[in-house]
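Here the structure comes first, spelled out in structure tokens, and everything after it is commentary.
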Amino acid sequence: MSEPAIGVLGGSGFYDLPGVTNVETKAIETPFGPPADALTVGTFAGRRVVFLPRHGRAHRLLPTEVNARANLYALKLLGATHVVSISAVGSLREAIAPGDVVVPRQFIDRTVARPSSFFGQGVVAHVSLADPVCALTADTLVDAATVDGGRVHPRGTYVCIEGPQFGTRAESELMRGWSADIVGMTNLPEARLAREAELCYATLALATDYDCWRPRDEVTVTDALAVLRANVDKARRILGHALAALDPARTCACQRSLDAALVTPPEAIDEGSRRRLSVILARRLAGPR
């Protein structure tokens, strides 16, 4: 395990992190397969950071193809204690306009084809997701976005759909009826896995469109990309403010989430599972067997 760092997962359009110094590139293999791309390790805004573009630098992975287990395992292996997820989303509310920043506090999972846990195969854990993001990390993102200017929505509910298609108008209205505020394709099972990995996780979501619930609107990649380019510049500025405020060495209840979740006694975990989950369970397996 490396010295503490802040992990950054770049979303659509966010494929690199200009301004990083002391750069190292790390190609990592995990027990869950390869992450989306090589990881960039360096210093940004005075903090040690580990950056990974979620879809790969050439944006070659569909949301369903993103190996969230490998991504988060690799971030934690390289020292991440906190993870900031940068995500493009559609707005389900008139008040959330394209270009606005939203920091979601809740998620609704509509994915159907993605591995959603590190556990199984002889090791059982049931983490709590009542509050699925780290409140302090999320508040730091809100403060950083406020400093940058523009409209900031300090909380909201994010619906994650499977994709890769955008939703129908009926689905968009259904999600609005659930009191959801934004819709995307990538933050689950990412948030679930971050809690299992005892990481402080929060999302910086930037709206690119109004989805399709308004009769005059229809989501297209062409239109979304136009807003996305401006959003990426904004996300980088906000991230700089946030990283300067976050301390990767700070301890948090998120980093002890397995204390009330791991059902299988450590002494009953076999060697194969210990190797597979060595990074995830390092703290719980550190004592005598």
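Values quoted throughout were computed directly from the atomic coordinates according to the rules given, and no laboratory measurement underlies them. Keep in mind that what you see is a predicted model, and the values were worked out from it rather than measured. When we count neighbours, we look across all protein chains shown, and the Cβ atoms used for this are built from the backbone with ideal geometry, even at glycine.
At what distance in angstrom do the alpha carbon centres of the stretch 85-143 and the stretch 228-284 lie from each other?
Computed from Cα coordinates, the inter-centre distance equals 14 Å.
Per residue, how big is the convex hull of the stretch 130-289 when only Cα atoms are used? Give it in Å³.
Working: hull volume 24.4 nm³, N = 160.
It is 153 Å³ per residue.
According to a simple spin-label model (label point 7 Å from Cα along Cα-to-Cβ), what is the distance in nm between T264 and T222?
With each label point 7 Å from Cα toward Cβ, the separation is 5.2 nm.
Once the convex hull of the C-alpha atoms of the chain is built, how many Å³ does it hold per residue, rounded to a whole number?
On the way: hull volume 34.3 nm³, N = 289.
Spelled out: Cα convex hull of the chain, divided by residues, is 119 Å³.
When only C-alpha pairs under 8 Å and at least 6 residues apart count, what is the relative contact order of the chain, in percent?
Values: 612 pairs, mean separation 72.8, N = 289.
Worked out over the chain, it gives 25 percent.
Classify the stretch 190-270 as rounded, prolate or oblate from the Cα gyration tensor: take a ≥ b ≥ c as the square roots of its eigenvalues, call it rounded if a/c is under 1.5, otherwise prolate when a/b beats b/c and oblate if not.
Working: a/c = 4.00, a/b = 1.89, b/c = 2.12.
It is oblate, given that a/c is not under 1.5 and a/b is not larger than b/c.
If I stretch the segment between A230 and A130 completely, what's the gain in nm (0.36 nm per residue apart, minus their alpha carbon distance), one decimal?
On the way: separation 100, 0.36 × 100 = 36.00 nm, distance 3.34 nm.
Going from the current span to full extension adds 32.7 nm.
Magnitude of the Cβ-charge dipole of the chain, K/R +1 and D/E -1, about the Cα centre, nearest 20 debye?
Numbers: 32 positive and 31 negative charges, 90 e Å.
Its charge dipole is roughly 440 debye.
Quick one: grab the alpha carbon gyration tensor of the stretch 1-126, order the square roots of its eigenvalues as a ≥ b ≥ c, and give me rounded if a/c is under 1.5, else prolate or oblate depending on whether a/b is larger than b/c. Don't jump to the answer; show the numbers that get you there.
Numbers: a/c = 1.65, a/b = 1.08, b/c = 1.52.
Because a/c hits 1.5 or more and a/b fails to exceed b/c, the stretch 1-126 counts as oblate.
To the nearest 10 degrees, how steeply does helix 221-245 sit against the main Cα axis of the chain, on a 0 to 90 scale?
Roughly 50 degrees, rounded to the nearest 10.
If you average the alpha carbon positions of the stretch 166-190 and of the stretch 1-64, how far apart do those two centres end up, in angstrom?
Computed from Cα coordinates, the inter-centre distance equals 27 Å.
How would you rank Y15, Y210, going from fewest to most other Cβ atoms within 10 Å of each one's own Cβ?
Working: Y15 17, Y210 20.
In order of increasing Cβ crowding within 10 Å: Y15, Y210.
Quick check on packing: order 153-159, 7-13, 25-31 by the mean number of other C-beta atoms within 10 Å, highest mean leading.
Working: 153-159: 20.9, 7-13: 26.4, 25-31: 13.7.
Result, highest mean first: 7-13, 153-159, 25-31.
Which of the listed residues, G272, Y15, I238, is farthest toward the dipole's positive end in the chain, when Lys, Arg count +1 and Asp, Glu count -1 at the beta-carbon?
Most positive-ward Cα: G272.
Work from the charge dipole of the stretch 82-208 (Cβ charges, +1 for Lys and Arg, -1 for Asp and Glu, about the Cα centre) and give the residue of T186, L206, G167 farthest towards its positive end.
Toward the positive end, the furthest listed residue is G167.
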